[in-house]
1. Taking region 1-28 as the region of interest, how many residues are among the basic types (Lys, Arg) and either in contact with a His (Cβ under 7 Å, 6 or more places away or on another chain) or assigned to a helix (DSSP H, G or I) (or both)?
2. Taking the condition surrounded by 10 or more Cβ atoms within 10 Å (Cβ to Cβ), in a loop (DSSP other than H, G, I, E, B) and modelled with pLDDT under 70, does residue 280 pass?
3. Would you confirm whether or not region 224-237 contains a residue that is at pLDDT below 75, of a type in the set (S, T, N, Q) and not in a loop (DSSP other than H, G, I, E, B)?
4. Report the residue count in region 347-403 for those that are of a type in the set (Gly, Ala, Ser), part of a helix (DSSP H, G or I) and either over 30 Å from residue 331 (Cα atoms) or in contact with a Ser or Thr (Cβ under 7 Å, 6 or more places away or on another chain) (or both).
5. Just one of the numbered conditions (1) part of a helix (DSSP H, G or I); (2) out of contact with any Leu (no Cβ under 7 Å at 6 or more places or on another chain); (3) at pLDDT 80 or above is not true of residue 303; which one?
6. Within the group 6, 40, 77, which residue is out of contact with any strand residue (DSSP E or B) (no Cβ under 7 Å at 6 or more places or on another chain) and exposed (fewer than 15 other Cβ atoms within 10 Å of the Cβ)?
7. Across region 306-321, what is the total count of residues that are in contact with a Leu (Cβ under 9 Å, 6 or more places away or on another chain) and modelled with pLDDT of 85 or more?
8. Among the listed residues 40, 31, which satisfies the condition of being closer than 22 Å to residue 381 by Cβ, assigned by TED's automatic domain parsing to the domain that holds residue 422 and either not in a helix (DSSP H, G or I) or not aromatic (Phe, Trp, Tyr) (or both)?
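The values are calculated or read from the model by the stated rules, or taken from the named source; none is laboratory data. Nothing here was measured: the structure is a model prediction, and the numbers come from that model. Note: ideal-geometry Cβ built from the backbone for every residue, glycine included; neighbour counts use all protein chains shown.
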Amino acid sequence: MFVLLMLFLFKYIDDLIGKGFEWYVILELLMYASATNVAMALPLAILLSSIMTFGSLGENYELVAIKSAGISLQRAMMPLIITVSMLSVGAFLFSDYMLPVANLKMGSLLYDVRNQKAAFLINEGVFNNSIPGYSIRVKKKDPDQTLHDVLIYERNTTSGNVNELMAKEGQMFITDDNQLLVLKLKNGKRYEESPGSTGSYNPRQRLMRTYFKETEQRFDLSGFKMKRTDEELFKSNYAMLNLRQLNFYRDSFQLKADSNLRSTYKDLTMLNRTYRTDSLNPKGSVKLLKKYKRVEDMIPRERALQSIQTAKDQIRSVRDILNRKQLFIVDNDVRMRGFLIELNRKFTLAFSCLVLFFIGAPLGAIIRKGGLGLPVVMSVLFFLLYHIISTIGEKSVKEGTMSPFIGMWIAIFVLSPLGIFLTYKATADSVLFDLDYYKRWFRRIISRKKE
């Protein structure tokens, strides 16, 4: 979980630094991120812990003692199988009840964090453009927030920097409600340009110059305060729905798809009735086709152009209807696949814990190495295999090249036979990963060739 949280921080570090967040905002975001990472951390933790546990038992010859007492490996694994099964049920309940809420909280908070403006800071010798409509620069800033040689441009999108204020020194402070930044400036002057007095355009503008001993400039800081977005706006996202809501939305979009097909049939039938003529029955049309070589020859010459134009209009209408309906079908299919992906993900999380346990436990018994050395390497390799297969399957489902059930369960289907094979090898005391066995085997082959 620590590694996954560090990965989350590295990904969004630019959105968190320099915005003046309170410590509890960062802590809240990390708490929600840790909850959303359970789906990846829990299977990996089960795989690693099972390899370490059975590897330590094998390394210390405790599995040999267990088997010599007449207890099979499956019977020795039974308490852990029950424990992992309970963890799998807990993972399913977590993904159905708590994970959607955590995704909703984190999604809305992360959206507000990423859209938050950077904190207002005045650095020496640098123009600060954080406040809309103003550009502020100071030559020197003392620790007591005293400013020296202050320059303020009032920016206008149409006429440019027409107002300028310069002061020898000033004092900066923020009001108690953190809504206003106040600059008390001393010994300065202000230049302001404005149009001429005549109503028509006058290229010679009016310049007003004002001297002051003391003045006060106020800037609105309400835009720098973090505002929370209503969470209701994010509730329709796939990852923020539980099993009951996913089934409800899936049925709703299926009804929309069926309604779209019925409306398409209705529109095409209406066009068919509008342009259809019953003046020619099937038998008559056969006789006419024998008489005329082309359908166009059946139309009187003075009405041919009008008939062709009418046919083009009809084809154009049918094509527009089908294109519009097709766009709706494509969008509806994308939404349906999203709901089915999340629906299947809630079950695959539970089954992945079981499958990876049945890979890790016999693998640890075979390699007979405990600690954090070889078990970490083996667990990462097998978890990467599981993660790559599941990612490819999910991407194929999103692209519509694979059914949601097969795409989301393909990693389980691929790794389940591997778990059965490793369990069989561990039960039979296989030397599948014993390097000394392979060295002796190669030596026997080389000695036979020499003889």
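1. 1
2. Judged against the criteria, residue 280 is a match.
3. no
4. Count: 7.
5. (3)
6. 6
7. The total comes to 0.
8. Every option except 40 fails the conditions.
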